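The values are calculated or read from the model by the stated rules, or taken from the named source; none is laboratory data. All values derive from a computational prediction rather than experimental measurement. Neighbour counts run over all protein chains shown; Cβ positions are idealised from the backbone, glycine included. Note: areas computed on protein heavy atoms with side chains; ligands, DNA, RNA excluded. Shrake-Rupley method; radii C 1.70, N 1.55, O 1.52, S 1.80 Å.
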Amino acid sequence: MDKIRRSMLKIIAVMMLLAVSEASAQQRPSDGRAASASNEKAVVVLAADLRELTSLRDVDHVGDVFFRRVDRSQGRASDDYDLALRGAVAADWKRVFGRGDDNRAPRVFAVEPGTYYIEKINIGGGPTTRGPGLDPQTRTPRFGSFSIRAGEVINLGRLVVHMHWDKGFFSAKVEDNSADAVQALGASNPQAAARLRTRLMSVVPQFAFQSGGGRF
C-alpha cells in the first residue's frame, strides 16, 4: 500500500507541475508576438502652413518641413530624413484657381515609434533654418519635436511658421486642427480615424534663419 501511495503522489506532483508550466506558457507571449508588438508602427497626422509676414502682408509660401528620429540623428546624409512634408508648386497653382489647398491640408504618415525633431524648414526659394535641428551638446530639439508610441494614432496639429525677412528669424506655433485631421484620416482609414487623438507637437516660438539655398 505504501508503494502504491507513493506512486500516486508522484503522479499527482508531475501533473501539477505540467499544469503550472502550461499556464505560464499561456501567460507569456511568444517571441514572435513580442517582436511584432515592438515593430508595430504608429500613425501621425500633421499639417504645415508656411508663410511670410511683414508689416504690409501675410502671404502663404511653398516650402518643406523635414524630421529625423532622435535615435537616428548621427552619421546621416544631409538629405536623409525620416518624415517630410514637401510642398508642391503645382498644388499652389491649384489653390490659386480655387481647387483646394493640398500644401496645407493634413498629411497622414505611418512611422516607427520614437521621438522626432524638426531637422530643417525651407520656405520659398531662400530662407532655411540654421541647422542642425538637434543641439549637439544638450541633445535637445532646436525648432520642434514630437514623441509617438507603437500603435498610437495622433494628430500633431497644424504647424504655422512665419518668416520675418527684415529681422532674419522664423516664428512658429501649432494650431489645433482636429476636425480637418479626422476628415483627412477618415477618407483613407476609417478604423484609424476612430482611434485618433490630438496631441500637439511642441515647437520653439522663434529661431533664426539663413538666406540663400532654400528648396529651389
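Inspect all residues belonging to region 173-181 and state whether any of them is more than 18 Å from V65 (Cα to Cα), open to solvent by 40 Å² or more (accessible area, probe 1.4 Å), aliphatic (A, V, I, L, M) and assigned to a loop (DSSP other than H, G, I, E, B). Scanning region 173-181, I find no residue that is more than 18 Å from V65 (Cα to Cα), open to solvent by 40 Å² or more (accessible area, probe 1.4 Å), aliphatic (A, V, I, L, M) and assigned to a loop (DSSP other than H, G, I, E, B), so the answer is no.
When every residue of region 85-92 is checked against the conditions, at least one turns out to be at pLDDT 90 or above and not β-branched (V, I, T). Cβ-Cβ distances below 6 Å connect the following pairs, each with a first residue in region 50-61 that is basic (K, R), a second residue that is surrounded by 13 or more Cβ atoms within 10 Å (Cβ to Cβ), and a separation of six or more residues or different chains: R51/D60; R51/H162.
Per-residue answers, yes or no, for (1) modelled with pLDDT of 95 or more; (2) of a type in the set (S, T, N, Q); (3) in contact with a strand residue (DSSP E or B) (Cβ under 7 Å, 6 or more places away or on another chain):
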residue: Q137; (1), (2), (3): no, yes, no
residue: I148; (1), (2), (3): yes, no, yes
residue: R158; (1), (2), (3): yes, no, yes
residue: D166; (1), (2), (3): no, no, no
residue: N177; (1), (2), (3): yes, yes, yes
residue: A184; (1), (2), (3): no, no, yes
residue: A187; (1), (2), (3): no, no, no
residue: V204; (1), (2), (3): yes, no, yes
residue: S211; (1), (2), (3): no, yes, no
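Pairs are defined by a Cβ separation below 6 Å, a sequence spacing of at least 6 or placement on different chains, a first member in region 78-89 that is over 15 Å from T129 (Cβ atoms), and a second member that is basic (K, R) and not in a loop (DSSP other than H, G, I, E, B); the pairs so defined are D82/R68; D82/R69.
Selection of region 135-166 for residues being closer than 21 Å to D180 by Cβ, in a strand (DSSP E or B) and out of contact with any Pro (no Cβ under 7 Å at 6 or more places or on another chain) yields G144, F146, V153, I154, N155, L156, G157, R158, L159, V160, V161, H162. Can you say whether S24 is at pLDDT 65 or above and outside any strand (DSSP E or B), as far as the supplied structure shows? Against the criterion (at pLDDT 65 or above and outside any strand (DSSP E or B)), S24 does not qualify.
What residue, among those in region 93-106 that are of a type outside the set (D, E) and either at pLDDT 55 or above or assigned to a loop (DSSP other than H, G, I, E, B) (or both), is nearest to G63 (Cα to Cα)?
Here the residue is N103.
Number of residues in region 146-167 that are under 29 Å from P190 (Cβ atoms) and of a type outside the set (A, V, I, L, M, F, W, C): the value is 7. The number of residues in region 107-134 that are open to solvent by less than 50 Å² (accessible area, probe 1.4 Å), in a loop (DSSP other than H, G, I, E, B) and at pLDDT 95 or above comes to 2.
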